[in-house]
Structure formats: structure tokens, C-alpha cells
Protein chains: 2
Amino acid sequence: MPRQAAHLNLLFQALADPTRRAVVERLSRGPSATSELARPFKMALPSFLQHLEVLQKCGLVRSRKSGRVRTYELAPGTLRAAEDWMATQRLLWERRLDQLDSYIEDLKEQSQ
Amino acid sequence: MPRQAAHLNLLFQALADPTRRAVVERLSRGPSATSELARPFKMALPSFLQHLEVLQKCGLVRSRKSGRVRTYELAPGTLRAAEDWMATQRLLWERRLDQLDSYIEDLKEQSQ
């Protein structure tokens with residue numbers, strides 16, 4: 001499988017989970033330390049850390065450690081890669097619908 | 001789980017598979033009958049039909065039957081829902097980075 005396809009698999013898989021999307025939503029408002037990030041989620045810490053690992057592995061978030069505190073932040077370029085893929089498909093289709101519209105308009109004019 | 005969250009789960013799950021993304025890419029160039037759509041995929045028809053069902057269930061594609069032929073087309077509004085969610089998170093984060101930039105600029109000016 002091409003590398004980009006494998007990346008999109010991981011990326012969409014990561015976003016298919018509501019906890020992981022909630023983490024992305026939280027991080028879109030700014031960086032956060034692990035404990036603060038985990039607080040609103042009613043979940044054992046090891047499970048929560050697994051979600052963070054999935055998000056980090058596909059490049060949606062990155063983290064750095066300072067002393068004993070690890071801080072997470074959003075990596076916006078990765079979201080853009082997924083957005084771009086979707087926008088491309090949608091725009092191609094919308095352009096096609098527009099072409100179909102003009103074609104129908106032409107047919108109408110010819111029949112008048 | 002709220003209805004929108006459940007829908008985003010299904011939607012991103014659907015897009016996490018390369019065959020299903022290839023179908024979306026194909027349909028972005030126009031509607032297609034099942035047999036024509038299946039042709040490029042080296043896959044048993046029942047497996048392929050399951051992929052189409054996943055895409056239809058989450059609203060990414062729709063189909064209509066005319067005689068014995070079922071035709072599939074892209075439902076662009078559904079792609080937009082996923083795009084909107086991603087764009088919202090990314091824009092919030094980019095705005096925050098901009099604010100941080102201005103704050104640093106201010107600090108620099110004050111220290112001069």
C-alpha cells in the first residue's frame with residue numbers, strides 16, 4: 001500500500017473514536033499536560049494514554065517532556081492532510097454537478 | 001452518545017479503509033453502476049458489496065435501482081460534515097498560534 005494511503009488509514013481510524021476526537025477538540029484550544037488532559041474523561045489512565053498514543057502515532061498530536069510533565073499539542077498539518085483528501089473528492093463531484101447543470105441548461109435552450 | 005458523534009464515528013471509520021476511499025475517489029468523477037464500480041478491485045463481489053453498504057450506511061454514497069442495475073453516487077454533504085469538524089479544530093488552533101505570535105511580538109517591543 002502506498003505510504004500516503006497507509007497514513008490516511010491511521011488518521012481516519014484515529015478520528016473514528018469519540019474520546020480521541022474530544023482530545024483533538026480540547027487541544028485545538030491550546031496545549032495541555034497529560035493529567036489535565038485526562039481529567040474530564042471517566043477512564044483509567046492506561047486506557048487514556050493508549051488513545052494519546054494512537055493520536056501521536058498518526059501525527060495528529062505531538063508531545064514534549066519537561067521534567068516529569070508531558071505536554072501535548074495539536075499538529076495542525078496532519079488534520080489538513082485529511083481535510084485536503086476530502087475536499088478534493090467533494091470539489092471534483094461538485095464541479096461535475098455544475099457541468100451537468102450547464103449541459104441541461106444548453107439542452108433547454110436548444111429545445112426552445 | 002450524541003447523534004452527531006455517532007455519525008462521525010461511522011464516517012471516519014468508513015474512510016479508514018483504502019478500498020472505500022478508492023470508491024469515493026471513483027465516485028467523485030461521476031455516478032457508476034455496481035459492476036463497473038467493482039471492476040478495478042481485485043475482490044470477491046460480496047466483500048465489495050459490504051464496502052458499498054458501509055459507505056451507504058454512513059451517508060457518504062447513495063444508490064438507486066433502475067431495472068436490474070443499481071447506480072451509486074457520492075453524497076457530497078456528508079464529506080463536508082467531516083471536513084467541517086476538522087477545519088473547526090484546525091482553525092481554532094491556528095488562531096491560537098496567531099495570538100501567541102502577537103503576544104511574543106508585544107513582549108519583544110516592550111523589551112526594546
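The values are calculated or read from the model by the stated rules, or taken from the named source; none is laboratory data. Note that the coordinates shown come from a computational prediction; the quantities given were computed from them, not determined experimentally. Reconstructed Cβ throughout: ideal geometry from the backbone, glycine too, with neighbour counts over all protein chains shown. Remember, those area values only see protein heavy atoms, side chains included, never the ligands or the DNA or RNA. Shrake-Rupley method; radii C 1.70, N 1.55, O 1.52, S 1.80 Å.
Can you give the average number of partner chain beta-carbon atoms within 10 Å of each beta-carbon in peptide A:52-58, as a whole number? Kindly include the intermediate steps, with their values, before the conclusion.
Values: counts 0, 0, 0, 0, 0, 0, 0.
Rounded to a whole number, the mean comes out at 0.
Using a 7 Å offset from the Cα along the Cα-to-Cβ direction at both B:ALA22 and A:ALA33, what is the distance between the two label points in nm, to one decimal?
The answer from the label model is 4.8 nm.
With a 1.4 Å probe, what is the total accessible area buried between chains A and B, in Å² rounded to the nearest 100?
Values: alone 8420 and 8390 Å², together 13640 Å².
Buried surface at the A/B interface: approximately 3200 Å².
Can you pull the mean other chain C-beta count within 10 Å for peptide B:77-89? Please report the intermediate quantities before stating the final value.
Values: counts 1, 2, 8, 4, 1, 6, 8, 2, 6, 16, 5, 3, 13.
Averaged over the peptide's residues, the number is 6.
Treat each spin label as a single point 7 Å out from the Cα along the C-beta direction, and report the A:GLN50 to B:LEU100 distance in nm.
According to this spin-label approximation, the distance is 3.0 nm.
Put the label 7 Å from Cα along Cα→Cβ for A:MET43; what are its distances to the other copies, in nanometres, shortest first?
2.8
If you count, for every residue in B:94-105, the Cβ atoms of partner chains within 10 Å of its Cβ, what is the mean?
Values: counts 4, 2, 8, 4, 0, 1, 1, 0, 0, 0, 0, 0.
For peptide B:94-105, the averaged partner shielding equals 2.
When the Karplus curve 6.51 cos²θ - 1.76 cosθ + 1.60 is applied with θ = phi - 60°, which whole-Hz ³J(HN,Hα) does each residue of the stretch A:99-109 get, with x for Gly and Pro?
Going residue by residue, I get 4, 5, 4, 5, 4, 5, 4, 4, 4, 4, 4 Hz, with x marking Gly and Pro.
Note the per residue figure in Å³ for the convex hull of the C-alpha positions in chain B. Could you put the intermediate results ahead of the total?
Details: hull volume 16.3 nm³, N = 112.
Per-residue hull volume (Cα only) is 146 Å³.
Quick one: label points 7 angstrom along Cα→Cβ at B:THR71, distances to the other copies in nm, smallest first?
Shortest to longest, the spacings are 5.7 nm.
How far apart, in nanometres, would the label points at B:LEU10 and A:LEU107 be if each is projected 7 angstrom from Cα along the Cα-to-Cβ direction?
Between B:LEU10 and A:LEU107, the simple spin-label model gives 3.2 nm.
In straight Cα distance, which lysines are under 17 Å from B:LYS65, not counting same-chain residues fewer than 8 positions off?
Hits, sequence-local ones excluded: B:LYS57.
Tell me the net charge near B:PRO31. Cut-off is 11 Å between Cβ atoms, B:PRO31 excluded, with +1 for each Lys or Arg and -1 for each Asp or Glu. Before the final figure, lay out the partial values.
On the way: positive: A:ARG96, B:ARG26, B:ARG29, B:ARG62, B:ARG64, B:ARG70; negative: B:GLU36, B:GLU73.
Net local charge, B:PRO31 excluded: +4.
Give the value in nm², to one decimal: projected area of the alpha carbon convex hull of the protein assembly as shown, averaged over all directions. Intermediate results must be reported in sequence, preceding the final value.
On the way: hull surface 77.8 nm².
If I average the Cα hull's projected area over directions, I get 19.5 nm².
With just the Cα atoms defining each centre, how far is the stretch B:47-67 from the stretch A:1-68? Give it in Å.
For the stretch B:47-67 versus the stretch A:1-68, the Cα centre distance is 31 Å.
A:ALA5 label points, 7 Å along Cα→Cβ, one per copy: pairwise distances from this copy to the rest in nm, shortest first?
3.3
In whole percent, what relative contact order does chain A give with Cα contacts below 8 Å and a gap of six or more residues? Numbers along the way, then the final one.
Values: 73 pairs, mean separation 28.8, N = 112.
Relative contact order of chain A: 26 percent.
About the Cα centre of the stretch B:2-111, how large is the charge dipole given +1 on each Lys and Arg Cβ and -1 on each Asp and Glu Cβ? Please answer in debye to the nearest 20.
Numbers: 18 positive and 13 negative charges, 227 e Å.
Computed about the Cα centre, the dipole is about 1080 debye.
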